[in-house]
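Structure, as structure tokens:
The values are calculated or read from the model by the stated rules, or taken from the named source; none is laboratory data. The structure displayed is predicted, hence computed values, not measured ones. Counting neighbours? That spans all protein chains shown, and the Cβs are built from the backbone with ideal geometry, glycine included.
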């Protein structure tokens, strides 16, 4: 059996995976504040400030809450999927990936996931390898 034929059984539903992916993508898109004393109106500057990372921005907290809201098995699946999408593991090494994810621990998992640059891309890649696409998810929601 080729590794491409191996598909793990997930406790994390594709819907929850893509919901977290979307939160992560919002967070990934944030940039440093370029004009902290801007007095312009959002409609005048095409609302570019929405992409800037500010202390009162809820995007990070929403991503942390989404990951924290998963049960233990779902968190392990999420982290293992990210690692598969990044190329650290293949699906043939799924149990090894989940064991490594367990080493991170439940309390650290949300901050760990939020701290991975391009996490949304890695998760999207792994979901694509499982036959689930972002387009399908968006069409359903």
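Residues 64, 79: which one is crowded, with 19+ Cβ neighbours inside 10 Å, touching a helix residue (DSSP H, G or I) at 6+ places or on another chain (Cβ under 8 Å) and either in a loop (DSSP other than H, G, I, E, B) or at pLDDT 95 or above (or both)? Explain how you work it out, then say what you get.
Values: 64 fails: crowded, with 19+ Cβ neighbours inside 10 Å.
It is 79.
Going by what's in this entry, would residue 120 be described as within 12 Å of the chain's Cα centre (by Cα) and either surrounded by 21 or more Cβ atoms within 10 Å (Cβ to Cβ) or over 15 Å from residue 11 (Cα atoms) (or both)?
Criteria met by residue 120.
Within the range 90-98, can one find any residue that is outside any helix (DSSP H, G or I) and more than 14 Å from residue 22 (Cα to Cα)? Explain how you work it out, then say what you get.
Quick first cut of the range 90-98, residues outside any helix (DSSP H, G or I) only: 90.
Now restrict to residues that are more than 14 Å from residue 22 (Cα to Cα): 90.
The answer is yes; a qualifying residue exists.
Just one of (1) at positive phi; (2) buried (at least 20 other Cβ atoms within 10 Å of the Cβ) trips up residue 126, so point out which.
That leaves (1) as the condition not met.
If you go through the range 103-123, how many residues are part of a helix (DSSP H, G or I) and out of contact with any helix residue (DSSP H, G or I) (no Cβ under 6 Å at 6 or more places or on another chain)? Explain how you work it out, then say what you get.
The initial filter retains those residues of the range 103-123 that are part of a helix (DSSP H, G or I), namely 103-104, 109-114, 119-123.
With the extra rule that they be out of contact with any helix residue (DSSP H, G or I) (no Cβ under 6 Å at 6 or more places or on another chain), the set shrinks to 103, 111, 121.
Number of matching residues: 3.
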